[in-house]
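Below: the structure, in C-alpha cells.
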C-alpha cells in the first residue's frame, strides 16, 4: 500500500473537516506549486520534511545498452531531494522485519 | 520557496478557504507524508514522483574526533524519485 493523493484528500476531510472538493483543490495545488517552483529553477525548502534542489548535469558519454553504440547523454537539469533532519530521524528507526537483526547490530554474527 | 511562501502562493490561488485553513491543511499534508514514510509506507503522487525508504546496512564508522571505530547500526533513509512529468518539466532548460 502506498500513500496517494486520494488518501491525503480523505485525511484532510476527516482531520480538518474540509469538504472533498476543497481538499482535492488544496492537494492538487500543493504539488502543482512545488512543481511550478522547480520548473522555474527555484529550490523548495519544506521545514520538517526536506529540500528539493535542482542540479545541472553536463553532457556525458553514454551507450545504447542494446546495440553498444556510443551516444552522448544530453546536458540536463534534475531534481534531487534532501530529507531534513527531522524526517531522517523519524524514518531511520523504521523496523522492517527483513532487516531487523542487522539494524540492531547483529549482522554477520552467528545466531547458533 | 519556503513552506510559508508555498502557503502564501496557495492562499493567493484559491478562494474557498481562509488563510488559516490553508496553512493548517498544508501542514497536515506534510505531516501525513512524513508519518507515512516513518511507518515504512511509500508515497506515490502521479506526475510528481514517489518517496520510499532505502536501507543503509550497518557499517563501521569512525569518531571524527578520536578516530575510534564505532559500529553504526543499519538504518533507513528517505528517497525521492521524480516522476516523468516533473523530470520533463524541469529539464526544459531556460
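Read-outs throughout are calculated quantities, based only on the coordinates presented, and are distinct from any laboratory measurement. Remember, it's a predicted structure, so these values are computed and weren't measured experimentally. Quick reminder, even Gly has a Cβ in these numbers, built from the backbone with ideal geometry, and neighbours come from all protein chains shown.
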Query - The one condition in (1) in contact with a helix residue (DSSP H, G or I) (Cβ under 9 Å, 6 or more places away or on another chain); (2) surrounded by fewer than 19 Cβ atoms within 10 Å (Cβ to Cβ) that residue B:81 fails to fulfil - result: (1)
Query - Among residues of region A:74-88, those that are surrounded by 12 or more Cβ atoms within 10 Å (Cβ to Cβ) and assigned to a helix (DSSP H, G or I), counted - result: 3
Report summary line: Of the residues in region A:2-41, those that are at the interface with chain B (Cβ under 7 Å from one of its Cβ atoms), farther than 22 Å from residue B:92 by Cα and either within 19 Å of the chain's Cα centre (by Cα) or not in a helix (DSSP H, G or I) (or both) come to A:2, A:3, A:4, A:5, A:8, A:18, A:27
Query raised in the report: at positive phi and within 17 Å of the chain's Cα centre (by Cα), is that true of residue B:47?
Result: yes
Query raised in the report: Limited to region B:2-17, what total is found for residues that are closer than 15 Å to residue A:48 by Cβ and surrounded by 16 or more Cβ atoms within 10 Å (Cβ to Cβ)?
Result: 3
Query raised in the report: Hey, does region B:71-84 have a residue that's more than 8 Å from every other protein chain (Cβ to nearest Cβ) and part of a helix (DSSP H, G or I)?
Result: yes
Query raised in the report: Is region B:4-27 home to any residue that is facing chain A (nearest Cβ under 8 Å) and touching a strand residue (DSSP E or B) at 6+ places or on another chain (Cβ under 6 Å)?
Result: no
